[in-house]
Amino acid sequence: MNTAQNSSTRQPPSFQEAKNARQKSRSAGLDPDRWYAVEYDKAVKKGQIVEVTFWNTSIALYRGEDGQLAATQNRCPHRQLKLTHGAVEGCNIRCAYHGWAFNRDGWLTDYSHDSFGKALLKKQLQTYPVAVRYGLIWIFPGDAAKAEQVALPTIPELEGDNPWASVTADFTWKSHHSMVIDNICDFAHAFLHRKYQPFIDAKLKHYESDENRVFLSYDTFVGGGKISGMFVDRNRINTRSIDLCYEYPYQWSDTGGKIKHWCFVLPIDERKTRAFFVFYFDAFKIPMTSLATPNWLTQAILWIATPLLLKPILAQDGIALEAEQEGYDQYWDVPPIELNPVVPLFQQLTANKWEAYLQSLEKQPVVVEG
């Protein structure tokens, strides 16, 4: 049986079974001891519960009647029903089956079976720190004791009295998170976007890496679309190069200090990722003039451009990424052909960080209950 036939009948290797950085990165999770964007702040109303998933772990995210958010493991310890089937009462979440109620700290505060006794009130669910920033809800899915020592991403341009114009778009793709990072940092795929031309003729000019990030720069022409390019103020901004960085576990880019974005990936499972893209600009001009657009007009342009340009471009990436996942699942042991020297560095960083996290679990003391 040849390699292709053999690959199509077997599953890709686990992280422990993987033989190279690509295979390891395609099976690695992301370190849970970081902050992850999981939903829009406006998407969770008072009294509402939504389910979010971090690496196969279901989390019940809800907002109490006081407007405060909370997150807990999404299961009632009684019969294991998802708490997202239940309801919010005041600041508590109540299971739909027997009506057991839990507060924001995970303690059982009310139950309908008096014969069980007060000892049952000691039962506790795992809870997760929650924060809101840049219109997104963030959860710390790892060791809650570390949350205060780990900083949320900071975007200075979106803070203060005069924040830049910005938009956020999200996609859920049937693709591993490492493929998403490879895609948005590898500018060799301009052909995929030939209709919109967000970048043209990219040539890698510099790259460097350390234990926490991979930084790279391309010489390229940014914003080459026939219509969109008319709004880019090329006299004020250098659009002939772009800097990108995989700053684990996030990704960002910077064109001329005026066209920027962050990408925050949420690893749902081994073959599904939700990605939040935050774009922010101080780079536009009124077409056929040298006049910079005021902030309100830049914001209006972004709102119009999002469904007409930004989302269609990213949708093209999604089609390619889901096809890549299908291809990898079938041909994972075919030797890779990689011409961009930076892509293996992304994969190695992802693999190294996951390996370090797994090793940290092995070092944790064993707690014996009783």
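Annotations
- Leading residue by the ranking (nearest to Glu247 (Cα to Cα)) among those in the stretch 349-370 that are small (Gly, Ala, Ser) and either in contact with a helix residue (DSSP H, G or I) (Cβ under 9 Å, 6 or more places away or on another chain) or modelled with pLDDT under 70 (or both): Ala351
- Verdict on Lys260 being in contact with a Phe, Trp or Tyr (Cβ under 8 Å, 6 or more places away or on another chain) and within 17 Å of Ser178 (Cβ to Cβ): no
- Leu349 vs. criteria within 30 Å of Leu158 (Cα to Cα) and either in contact with a Lys or Arg (Cβ under 7 Å, 6 or more places away or on another chain) or among the aliphatic types (A, V, I, L, M) (or both): yes
- Counting only strands (runs of 3 or more DSSP E) that sit completely within the stretch 115-205, zero hold 2 or more residues that are out of contact with any helix residue (DSSP H, G or I) (no Cβ under 7 Å at 6 or more places or on another chain), closer than 30 Å to Gln364 by Cβ and not hydrophobic (A, V, I, L, M, F, W, C).
- Test: residue in the stretch 224-241 that is more than 29 Å from Leu297 (Cβ to Cβ) and not in a strand (DSSP E or B): no
- The test for being surrounded by 18 or more Cβ atoms within 10 Å (Cβ to Cβ), basic (Lys, Arg), modelled with pLDDT under 95 and in the same structural domain as Gln325 (by TED's automatic domain parsing) does not hold for Lys260.
- Any hit, the stretch 335-348, residues being surrounded by fewer than 16 Cβ atoms within 10 Å (Cβ to Cβ), within 17 Å of Ser178 (Cβ to Cβ), not assigned by TED's automatic domain parsing to the domain that holds Thr168 and not hydroxyl-bearing (Ser, Thr, Tyr): no
- Within the stretch 230-244, considering residues that are touching a residue at least 12 places away in the same chain (Cβ under 8 Å) and surrounded by fewer than 18 Cβ atoms within 10 Å (Cβ to Cβ), the one nearest to Leu345 (Cα to Cα): Asp243
The values are calculated or read from the model by the stated rules, or taken from the named source; none is laboratory data. Bear in mind the structure is a predicted one, so any value in this text is a computation, not a measurement. Every residue, glycine among them, receives a Cβ derived from its backbone with ideal geometry; neighbour counts consider all protein chains shown.
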